[in-house]
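Below is one structure, written out as structure tokens; comments come after it.
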Amino acid sequence: MHSPVLLVIAHGSRDPRHAATVHALVRRVRATRPGLRVETGFLDFNVPSVQGVLESLAAEGVRDVVALPLLLTRAFHAKADIPAVLSAAPPRLRIRQAEVLGPSPLLLSALEHRLYEAGSSPADKSSTGVVLASAGSTDPEAIAVIADIAREWWHTGWCAVRPAFASASLPRTEDAVRELRSLGCERVAVAPYVLAPGFLPDRIARGAAGADVLADVLGPAPEVARLLLRRYDEAATKALASTRISASA
């Protein structure tokens, strides 16, 4: 029995850095599990489109697909856009939508590694305040998740961790940087909780001008690649269990 194809669904962007980063992450996923077929589709701006990939897979005779949203929170795209696109897929395809990536301890590990790459040190952890800077959302569930992640991360030993948002919600990155200074943190670091470069990550970077350290986006971090495969395995296992139940009914 063939494993389901993994279809990574990215948002897409006019910024060419976005697609390049998505493709770099997918290459790492393929290298991590060489026997797995991994395809990439974009919701907007970039090709191939999700619909185009699904039609191509169906034309090849593929039956089973795990569609994995390249998203860090369950906001509008995961709840509405992606299900709508998948519902229009060729009927011969059996598609299981995987969970979004966050929250996950692997993402916290990736955030810390990015901070250390940018100049933070584990030895400075207790004196460093961190801004967990996300893109932002109008979805209250997504905002609450970011706040929960910030509290969880603070308990690992940082001086303080404050959430910030590049759009839709407050505070902004620069406001969180000032707050951490006022709390007495000796150093302030900004950790972008975003997967790829683009308009909103650039806004986060501008807001980090008063910080001591600005980490890179998560991008093709090895922890992110492992997390994609974990979400794939979870969805594929559920799909296999559902098929067995249907066959025995």
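The values are calculated or read from the model by the stated rules, or taken from the named source; none is laboratory data. All of these numbers come straight from a predicted model, not from anything done at the bench. For neighbour counting, all protein chains shown are included, and Cβ atoms are generated from backbone atoms with ideal geometry for every residue, glycine included. Calculation scope for accessible area: heavy atoms of the full protein, side chains included, ligands and nucleic acids excluded. Shrake-Rupley method; radii C 1.70, N 1.55, O 1.52, S 1.80 Å.
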Between the alpha-carbon centers of the range 58-107 and the range 113-140, tell me the distance in whole angstrom. 29
Under the rule rounded for a/c under 1.5, else prolate if a/b exceeds b/c, else oblate, using alpha carbon gyration tensor axes a ≥ b ≥ c, the range 126-214 is classed as oblate
Axial C-alpha extent at least 15 Å, average Kyte-Doolittle at least -0.5 - helices from the chain (DSSP): 16-32, 50-60, 105-118, 140-154, 222-248
Can you tell me how the range 1-49 classifies by the Cα gyration tensor, rounded, prolate or oblate, using a/c under 1.5 as the rounded cut? oblate
Just the accessible area for residue 109, please: 1.4 Å probe, Å², rounded to the nearest 10? 50
When a/c is below 1.5 the answer is rounded, else prolate if a/b is larger than b/c, else oblate, so apply that to the chain with a ≥ b ≥ c taken from the square roots of the Cα gyration tensor eigenvalues. prolate
Could you size up the charge dipole of the range 85-131 around its Cα centre, putting +1 on the beta carbon of Lys and Arg and -1 on that of Asp and Glu, and report it in debye to the nearest 20? 420
Suppose the Debye formula is applied to equal point scatterers at every Cα of the range 1-125; what is log10 I(q)/I(0) at q = 0.09, 0.10, 0.14 Å⁻¹? -0.30, -0.36, -0.67
About its Cα centre, what dipole magnitude does the range 153-224 give when the only charges are +1 on Lys and Arg Cβ and -1 on Asp and Glu Cβ, stated in debye to the nearest 20? 180
What size of dipole, in debye to the nearest 20, comes out for the range 1-120 about its Cα centre when the only charges are +1 on Lys and Arg C-beta atoms and -1 on Asp and Glu C-beta atoms? 220
Solvent-accessible area of residue 216, probe 1.4 Å, all protein chains present, reported in Å² to the nearest ten, please. 100
Pairwise centroid distance, computed over Cα atoms, of the range 1-53 with the range 175-202, Å: 28
